[in-house]
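Student: Okay, here's the structure, questions in a sec.
The values are calculated or read from the model by the stated rules, or taken from the named source; none is laboratory data. Bear in mind that the values here come from a model prediction, so they are computed numbers and not experimental data. As a convention, Cβ positions derive from the backbone with ideal geometry for all residues, glycine included, and neighbour counts pool all protein chains shown. In case anyone asks, the SASA skips ligands and DNA or RNA and just uses the protein heavy atoms, side chains included. Shrake-Rupley method; radii C 1.70, N 1.55, O 1.52, S 1.80 Å.
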Amino acid sequence: MKRITRISVLSASVCALFLASCATTDKTGEKEAEEQKIEQSESGKGKTDEENKGGETEKSEQAKAQKPKRAYVAPIPEIAFSGNAMRLEIENMFAENIDFSYDEEYSNRFAGTIKSSVSVAKAFVSLEAGSYEILAREKAKDSEHAAFYIFVDNEPYRVSPSEPPLQSFENTTRTPITFRLEEGAKVLITVQANSPHHPGQTGMMIDYLQIRKLN
């Protein structure tokens, strides 16, 4: 009778130990699962940040790629003057060694920078007999990057903005170009840094040339 009782007590003890072990195992398993979840969450968060950063970079690159590029113009174009005034956009001229940039604020969304002494832009303009004025729409960062030349056929005219420059686009009203044609002609308009006998400057941006008929 005692023997049976002892076995029963031992069995009960074993069962109790087994249940306690199971409970501990369950708690350990729950703790490990919770730690795994936190680790996965943190890992996922880092990956998401990295993916977001990569996504932003990709969007930025796509935005750059979507910016329109200035179409190459060749040979020297011929443009007819009509009305009392016209804008000769620099991007519509034949150009070499001029850096073009795009911005919604520019006249036709493009402007060109005269970057060196060999930068040049050219266009033929058909004009009737009469007197004309030419102003450049220019942006200069300072007085050392402001003066350049506009040629009417072979005649150079030195033009520059305000002194000191406004550092924003302005018409070169301080140095207007005026000339007269006794009869209608196809005139070559050239924009460049230097004249044959006098050096100009570089680094200014040109949006367009405004050609106006005076009489």
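Student: Does the stretch 110-132 contain at least one residue that is farther than 21 Å from Pro176 by Cβ, in contact with a helix residue (DSSP H, G or I) (Cβ under 9 Å, 6 or more places away or on another chain) and modelled with pLDDT under 95?
Tutor: No, that holds for no residue.
Student: Does Glu104 fit the bill of being within 22 Å of the chain's Cα centre (by Cα), without any contact (Cβ under 8 Å) to a residue 24 or more places away in the chain and open to solvent by 60 Å² or more (accessible area, probe 1.4 Å)?
Tutor: So Glu104 passes the test.
Student: Taking Glu163 as the residue in question, decide whether it is modelled with pLDDT of 95 or more and within 24 Å of the chain's Cα centre (by Cα).
Tutor: No; evaluated as a whole, the condition is false for this residue.
Student: Let me ask something additional. Among the residues of the stretch 131-149, is there at least one that is under 17 Å from Gln210 (Cα atoms), of a type outside the set (A, V, I, L, M, F, W, C), loosely packed, with under 15 Cβ neighbours inside 10 Å and out of contact with any Lys or Arg (no Cβ under 6 Å at 6 or more places or on another chain)?
Tutor: no
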